[in-house]
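Asker: The following block contains the structure, expressed as C-alpha cells.
The values are calculated or read from the model by the stated rules, or taken from the named source; none is laboratory data. What you see is a predicted model; the values in this text were computed from it and never measured. Cβ placement follows ideal geometry from the backbone for every residue including glycine, while neighbour counts extend to all protein chains displayed. Just the protein is used for accessible areas: all its heavy atoms, side chains included, with ligands, DNA and RNA removed. Shrake-Rupley method; radii C 1.70, N 1.55, O 1.52, S 1.80 Å.
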Amino acid sequence: MKCYVIDELRYQDYESLKAHLTAHLEPSGIDGIYWYRIDDDLLSDTQKKHEACAPFYFALALEESQLSCELLVRTNNRIRCDCIGYATEKQRNWIIQVIDGMFEKLGIVS
C-alpha cells in the first residue's frame, strides 16, 4: 500500500492530532481511522462520473507514534469500483499539503 507517513510522534502531538481529527474529520467507525474528504475539483474524470459512489476520501490512521495516510482514494459506498484507486499526482500532492498544513497549524514539528 502506498502511504504518506509521519512517524516518531511525541505523545502530546498524538493527543493534539487526535483532538483535531476528532473535531474536524469524519470518523470511520474504527478507532483511530478518520476520513478526509477530497475536494470535488480534484476528482478524476472517472470519479466525477461515479456520482453514486461519491463522496471520495483519503483514510488517515492515527497511532500514538505516527499518522499515516493511505494514498488510495476510497468511497464509503462500495468496496470495489473503477473509481477507487491510487491517488492522482494532483490528489497526492494535495493531501500531503493538507497534512503538512495541519501539523504546522497545530505547531507539531515533524
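Asker: What list of whole percents do you get for P(r) of the range 1-61, with Cα-Cα distances grouped in 10 Å bins up to the one holding the largest distance?
Answerer: 19, 42, 29, 10, 1
Asker: A further question follows. For the pair GLU51 and GLU15, how long in nm is the line joining their label points, each one 7 Å along Cα→Cβ?
Answerer: 4.7
Asker: Would you be so kind as to identify which of GLN66, CYS83, VAL98 lies farthest towards the positive end of the dipole of the chain, taking Lys and Arg as +1 and Asp and Glu as -1 on Cβ and the Cα centre as origin?
Answerer: Farthest along the dipole direction, towards plus: CYS83.
Asker: With 16 Å as the cut-off, how large is the P(r) tail for the chain, expressed as percent of Cα-Cα pairs?
Answerer: Cα-Cα pairs of the chain separated by over 16 Å account for 57 percent.
Asker: Continuing with the same structure: What does the accessible area per residue of the chain come to in Å², with a 1.4 Å probe and no ligands, DNA or RNA counted?
Answerer: Normalised by residue count, the accessible surface of the chain is 61 Å².
Asker: Just give me a number: lysine pairs in the chain, eight or more positions apart or cross-chain, with C-alpha atoms less than 21 Å apart. Before the final figure, lay out the partial values.
Answerer: Numbers: LYS2/LYS90; LYS18/LYS105; LYS48/LYS90; LYS49/LYS90.
Taking the chain as the scope, the lysine pair count is 4.
Asker: Placing +1 at every Lys and Arg Cβ and -1 at every Asp and Glu Cβ, with all other atoms neutral, what dipole size does the range 9-110 have around its Cα centre, in debye to the nearest 20? Walk me through the numbers on the way to the answer.
Answerer: Numbers: 11 positive and 16 negative charges, 46 e Å.
Taking the Cα centre of the range 9-110 as origin, the dipole is about 220 debye.
Asker: In deg cm²/dmol and to the nearest 500, what is the mean residue ellipticity at 222 nm of the chain if only DSSP H runs of at least 4 residues count, each as -39500 (n - 2.57), divided by the residue total?
Answerer: Working: 3 runs with 36 residues, N = 110.
Calculated mean residue ellipticity at 222 nm is -10000 deg cm²/dmol.
Asker: Further, regarding this structure: For the chain, calculate the relative contact order in percent as a whole number, restricting contacts to Cα pairs under 8 Å that are 6 or more residues apart. Show your work: numbers first, answer last.
Answerer: On the way: 152 pairs, mean separation 33.1, N = 110.
Relative contact order here is 30 percent.
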